[in-house]
Amino acid sequence: MNGFKRICSAALGLVLFLAGLLKLMDPVGAGLIADEYLRFFRLGFLRFAAPVLGSLMAYIECAAGAALITGVWRRVTCIFTGILLGFFTLVTLVLLIFNPPMDCGCFGEAVHLSHGASFIKNLVLALIWFAAFAPFREFGTPQRSRYVSFTLALISSALFLLYSALTIPLVDFASFKPGTFLAGAIDDGESFEDQPLLPFIDARGDYADSLALSGKAIIVSAYNSLNGGGERRTAAFLDAAAAEGFTPLFIASGTPSSLAEKLSVPTLLPYCYSGDRRMLMTLNRSNGGATLVCDGQIIAKWPASRLPDSEKLRQLGTKDPVGVMHEAKNRDRVRLQGFLIYVLAVMFFI
């Protein structure tokens, strides 16, 4: 394989690998994307498997990208990536024709493309694929070390997915990312008016959005039911948050009456509110995860497995919220950048 073909192969592989990795970083979001596709193509009977299908497709993209970058099994890689790109191009053409109100999800929540832009992107990638492999005769033989690089990239991607599944995305690109205000200007056709972007209701059915728009609030969101142990941990955590001066909120999906019936921990009821399931999944990808909000601005998030203890809550109550937000953002970005540098170095230089 000559230099030009190698560059085209590596460039195509890099796009596929990064696209897959961005979705592996947010497996819950990848599942939501897969669910939208299943609904659009009238495959509702498979929606139960959407979370698995979303992560599986993302991992396949990572594997195809790693194979292109490392140059292993070039004939098989040529055929497989050609089929993959053909499938993506066909799907985006259908989306372009029918124009459903959904995002293609090509790069997860990080980059949002119109259906037209997504289709053109896939056509460009197909041209790069053609330049990388035509005239489909000589594929060459890679060095043995490249198979080691490929294997390490696959293992690293799988571990990255496992980490992401057990926590929250290292970098949040969703609508309720840190820095977002929970009230925004909405154009009602006549004037702009500040309206809550995170609506939730209390046991009487009244909107209680104002509780999250002033002062310091800790929101624990549950888009699925918590088990007894999860409810007890949540109740204890919100009790600790209230003791440190935070407004404690437990927002779960479902109607207020159904939530009251399902909860097995009575001490959680005073904190309980009801919200939309999709909205709660966007607020915090971890079921039972916590979100810190100060004067209506999202500051920080934690997964259910790593809720801050009383000492941490005490520190958060005294620190500058903006400083806390930037500290967390910088820390997680450095972690993501470190992982990217490592895995790309493995694929390009080993």
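Where a number appears in this text, it was derived from the coordinates with a stated rule and is not lab data. None of the values given here were measured: they were computed from a predicted structure. Cβ coordinates were reconstructed from backbone atoms using ideal geometry, including for glycine residues, and neighbour counts include every protein chain displayed.
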key: Difference of contour (0.36 nm per residue) and Cα-Cα distance, Tyr342 to Ala260   = 24.7 nm
query = Considering only Phe133, Phe237, Ala208, whose Cα is most displaced toward the positive end of the charge dipole of the chain, charges sitting on Cβ of Lys, Arg (+1) and Asp, Glu (-1)?
reply = Phe133
query = Which value, in debye to the nearest 20, gives the size of the charge dipole of segment 183-333 about its Cα centre, when Lys and Arg are +1 and Asp and Glu are -1 at the Cβ?
reply = 900 debye
query = Angle, helix 74-98 long axis vs. longest principal axis of the chain, Cα atoms, 0 to 90°, nearest 10?
reply = 50 degrees
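What do you get for Rg/Rh of the chain when both radii come from the Cα atoms and Rh is the Kirkwood radius?
In the chain, Rg relative to Rh is 1.03.
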request  = Kindly provide the Kirkwood hydrodynamic radius of segment 285-348 in Å, to one decimal, from all pairs of distinct alpha carbon atoms.
outcome  = 13.5 Å
remark   = Here the net charge surrounding Gly29, from other residues whose Cβ is less than 13 Å away from its Cβ (Lys, Arg +1; Asp, Glu -1), is -2
query = Hey, what did the chain get for relative contact order, percent, Cα under 8 Å, at least 6 apart?
reply = 17 percent
query = Going toward the positive end of the dipole of the chain, with +1 on Lys and Arg Cβ and -1 on Asp and Glu Cβ, which of Pro178, Ile60, Gly105 do you reach last?
reply = Ile60
query = Which log10 I(q)/I(0) values, to two decimals, does segment 183-333 give at q = 0.15, 0.17 Å⁻¹ under the Debye formula with one point per Cα?
reply = -0.76, -0.97
ask   = Residue farthest toward the positive end of the dipole of the chain, with Cβ of Lys/Arg at +1 and Asp/Glu at -1: which of Ala34, Ile69, Ile218?
value = Ile69
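Under a Cβ-only charge scheme (Lys and Arg +1, Asp and Glu -1), can you give me the dipole magnitude of segment 3-166 about the Cα centre, in debye to the nearest 20?
About 600 debye.
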ask   = How high is the relative contact order of segment 183-333, given as a whole-number percent (alpha carbon pairs under 8 Å, six or more residues apart)?
value = 25 percent
message = Exceeding 27 Å between C-alpha atoms, which entries from my cross-link table qualify? They are Lys5/Lys121; Lys262/Lys319; Lys23/Lys329; Lys23/Lys312.
response = Lys262/Lys319; Lys23/Lys312
ask   = Once amide H atoms are placed 1.01 Å from N in the peptide plane, what residues at a sequence separation of 5 or more from Gly289, or on another chain, have their amide H within under 5 Å of its amide H?
value = Ser221, Ala304
task = Search the structure for amide H atoms under 5 Å from the amide H of Tyr273, placed 1.01 Å from N in the peptide plane, and list their residues when 5 or more places away or on another chain.
result = Phe250, Ile251, Ala252
request  = Report the relative contact order of segment 225-295, percent, no decimals, based on alpha-carbon pairs under 8 angstrom and at least 6 residues apart.
outcome  = 33 percent
key: Share of Cα-Cα pairs in segment 3-166 lying beyond 25 Å, as whole percent   = 32 percent
query = To the nearest 20 debye, what charge dipole does the chain have about its Cα centre, counting +1 at the Cβ of each Lys and Arg and -1 at the Cβ of each Asp and Glu?
reply = 1880 debye
message = Using amide H atoms built in the peptide plane, which far-off residues or other-chain residues are under 5 Å from Ala208 H to H?
response = Phe200, Ile201, Asp202
request  = Tabulate in residue order the Karplus-calculated ³J(HN,Hα) for segment 22-29, using 6.51 cos²θ - 1.76 cosθ + 1.60 with θ = phi - 60°, rounded to whole Hz; enter x for Gly and Pro.
outcome  = 4, 7, 5, 5, 9, x, 5, x
inquiry  = Helix-only mean residue ellipticity at 222 nm, the chain, DSSP H runs n ≥ 4 weighted -39,500 (n - 2.57), per residue, nearest 500. What is it?
reply    = -18500 deg cm²/dmol
